[in-house]
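The block underneath contains the structure these notes are about, expressed in structure tokens.
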Amino acid sequence: MMKISSQSPAHNTLIGVSFVLFMLSVGYSANSAEQKPEPKRQRELIHLLVQDCGSCHGLTLKGGLGPALLPQDLKDKDSEFLADVILEGVPGTPMPPWNVEITELEAKWLVQRMKEGGIDDR
Ligand code: HEC
């Protein structure tokens, strides 16, 4: 004999709502994970980081005229703050603003690369 579902309509609605919320959250995080430059632009940015930023911060970002930008140096610093420093520069110091060459998204991406370390311009 077939048993008719014992679940109440309210229960089914709850499952439906949870599923929609779950899909929304998955969609949202997948979307924010895509917030990064195109692969070609990523290579250009790493090149810029090593060549241009490296001229002050050291080719391996160990520091020079500018401070070291290695993971251990940046781990306690707020990513938004560091992206702002890159975009706006630090007035009264040699750190120039980069907002003509680099977008906000790109600055945040560079901060993540610096926090991860192992930057290699090849
Ligand atoms: C002309 C030299 C120069 C160049 C080129 C330069 N910087 Fe800087 N940068 C500095 C100096 C000097 C400081 C320290 C400013 C201060 O005293 O707060 C600094 C600070 C920073 C900071 C903040 C570090 C911290 O610990 O607070 C970040 C991040 C940074 N630079 C990233 C970059 C990036 C990325 C580039 C290339 C896009 C770049 N810099 C290019 C000189 C430079």
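The values are calculated or read from the model by the stated rules, or taken from the named source; none is laboratory data. It should be emphasised that the depicted structure is a prediction, and the values quoted were computed from it without experimental measurement. Glycine also receives a Cβ, built like all others from the backbone with ideal geometry; neighbour counts cover every protein chain displayed.
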### Summary
By residue number, the members of region 101-110 that are under 14 Å from ARG43 (Cα atoms) and part of a helix (DSSP H, G or I) are GLU106, ALA107, TRP109, LEU110
### Query
When both residues are 6+ apart or on different chains and their Cβ atoms are under 7 Å apart, which pairs have a first residue that lies in region 71-93 and is near the ligand (Cβ under 6 Å from one of its atoms), and a second that is of a type in the set (Gly, Ala, Ser)?
ILE86/ALA107
#### Entry: In region 52-63, residue farthest from the ligand (Cβ to nearest atom) [restricted to those that are modelled with pLDDT of 95 or more and within 17 Å of GLY117 (Cβ to Cβ)]
LYS62
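One line per residue, one yes/no per condition, for (1) in contact with a Gly (Cβ under 9 Å, 6 or more places away or on another chain); (2) in a helix (DSSP H, G or I); (3) modelled with pLDDT under 95; (4) surrounded by fewer than 17 Cβ atoms within 10 Å (Cβ to Cβ):
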| site | (1), (2), (3), (4) |
| --- | --- |
| SER18 | no, yes, yes, yes |
| MET23 | no, yes, yes, yes |
| TYR28 | no, yes, yes, yes |
| PRO67 | no, no, no, yes |
| PHE81 | no, yes, no, yes |
| VAL90 | no, no, no, yes |
| ASN99 | yes, no, no, yes |
| GLN112 | no, yes, no, yes |
| GLY118 | no, no, yes, yes |
